[in-house]
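Written below as structure tokens is the structure these notes are about.
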Amino acid sequence: MIRPRTSRWLRVAGLLLCVPALIVVSMGTIRLETIDGFPWAGAIVVLALHALARRYPLRLVARDRTAEFTTAPLFAFALLLTEPSSLAVLGLAATAALVPPRDVAPPRWIRPVIEVSRTLLVYGVGAWALAALPVGLPSPLSSLVATDGSWQLLLVVVPAGVLAYAVDLCVGIGLAAIEHGTPPFAVWRQDRARYDALVYLLLVGLSPAVVVISNHSLLLGPLVLFVVVGLYRSSRLVALEQHAALHDGLTGLANRRHLDERLETLLRADRHQDPFALMIMDLNRFKEVNDQLGHQVGDRLLQEVGRRLAAIEGIDLATRIGGDEFAFIIRHTVDADELLQVAETMVQEVAVPYVINDIRMAIGASIGVANYPHHGTDTSTLLRRADTAMYAAKRSGVAVGFSASDQTRSPGRLSLVGQLEEAMRSDELALDFQPQVTLSTGEVAGLESLLRWNHPLHGLILPDAFVATVEHTELIGTMTRHVLGLALQEAARWKLANQPVPVAVNISTRDLQDKHLARDVESQLTANGLLPQDLVLEITETALQVDPDRAGQVLGELREL
């Protein structure tokens, strides 16, 4: 599986991050002032608010995803505005070690090292800026509140916030780039919602208000907590609504809209610099479960499949795009071996037997893979290419298929199905006939019908490109009867030419569920002046497994015919 590269380089980066943090401390950026009269109670309250802000981030609803951001800078700068700054920065570092943000997940032992070093560096620079920028302002800065000069705090807080934001941005993007092996600029473009400068500076600009409240009355300090909790709850409600709009209600995975928006974002954000792969998965034998055990069991099966797929590492986005089809985005790689490993893991997880309502069942899956930018640079092309690769894998009996490089002009399956009725009316469908020869005598014992579509735009289209999709629609019965008519018309011509030979036609799984099949076959034989022995119907064993009782009834009627 593709895992974030935390094993080596992130550990090295975390340790190296200690160096500039220690330099900031050793250069006197964090000064050791006297602690006489230090407002211990107020500092503890602000530190507690800072910890809560780190633990419960707000959710910023973007067009294609929900990004989290923290209000921690609001309380961090409020603490820096009080003296001594040394204890303020060290207190913030201790909070960072004890309460790491929820979206940070490097190895356990390096997590506190990274968080403490990052906090010392970011707020150490902020403390240095607060001490260096104000010229002629009193110290401590919080004394401006008593002289009605609290507005002057903005003169130093905003520039200090800019410097702290720049350092935090560089460290955050650098760590993400090392973790995923992605260029830093690509990380910023793809995840810039969480590095929003305006939000950061607005929070820093509000920090003097926390100082004002704390100096007025310590009891008013916790009121800020209610504001933070209210913002958290309201943002959570908005995020839940956004989540419902972008996720499948049955499996909890992302839905087709989320997939389209995510792909569009990736394509806009990065042209040819950050390759990714799109996978489409189709479940095998799921229709049999629905038909034999009911849709309720089928829904529970899909829920379990979704749960298993969501737990697989290395997937940037897992979606259910409809029915028993799923799609996945794999970021930062198009390496065939890595993608094959992830795809095979998904297939293996799906293939593990399920027990639902005390019934043990097993299904399979086929996956098609398309890579950006090699197989397409827009959403529709990538989806079509992955879809085509998936059906090619299904036909070949393999678990995973990769898109070929010469299919950019091939039409989509759904598009072809939509044109199929018109194609039958326009006589675009035709049959080739493959001789079936008796080896002992060399005589032709029959002819197998091979369907061809002479498309006016795409040229010759083989049945592999559309038959598998048609089998899942009501159109399959119409197409089967059309093909039967073409085959029997040719057989009638050969019989008139005194060259009678049986003709073979493939029958699909759904055809054996059609109780009118035998009647229609008899009608077409009569219309063409043929006998039943002039026609061979070829079926597969799997066609009998969907609904054995009905299939047996239809086969009995054909046998009588």
(request) Could you sort 363-375, 322-334 so that the peptide with the highest average Cβ count within 10 Å comes first and the rest follow in order? (result) 363-375, 322-334
(request) Determine the sum of side-chain charges near Glu325: Lys and Arg each +1, Asp and Glu each -1, restricted to other residues whose C-beta is under 10 angstrom from that of Glu325. (result) -1
(request) Mind ranking 431-442, 522-533, 71-82 by how tightly packed they are, going by the mean number of other C-beta atoms within 10 angstrom, highest first? (result) 71-82, 522-533, 431-442
(request) For Lys287, go through the lysines and keep the ones whose alpha-carbon is under 16 Å away, minus same-chain ones fewer than eight residues off. (result) Lys394
(request) Only Cα pairs under 8 Å and at least 6 apart count here; give the relative contact order of the range 427-489 as a rounded whole percent. (result) 27 percent
(request) Place the peptides 480-492, 447-459 in order of packing, highest mean first, counting for every residue the other Cβ atoms within 10 Å and averaging per peptide. (result) 480-492, 447-459
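Every number in this text was worked out from the coordinates using simple rules, so none of it is lab data. Not measured: the values here are computed from a predicted model. Counting neighbours? That spans all protein chains shown, and the Cβs are built from the backbone with ideal geometry, glycine included.
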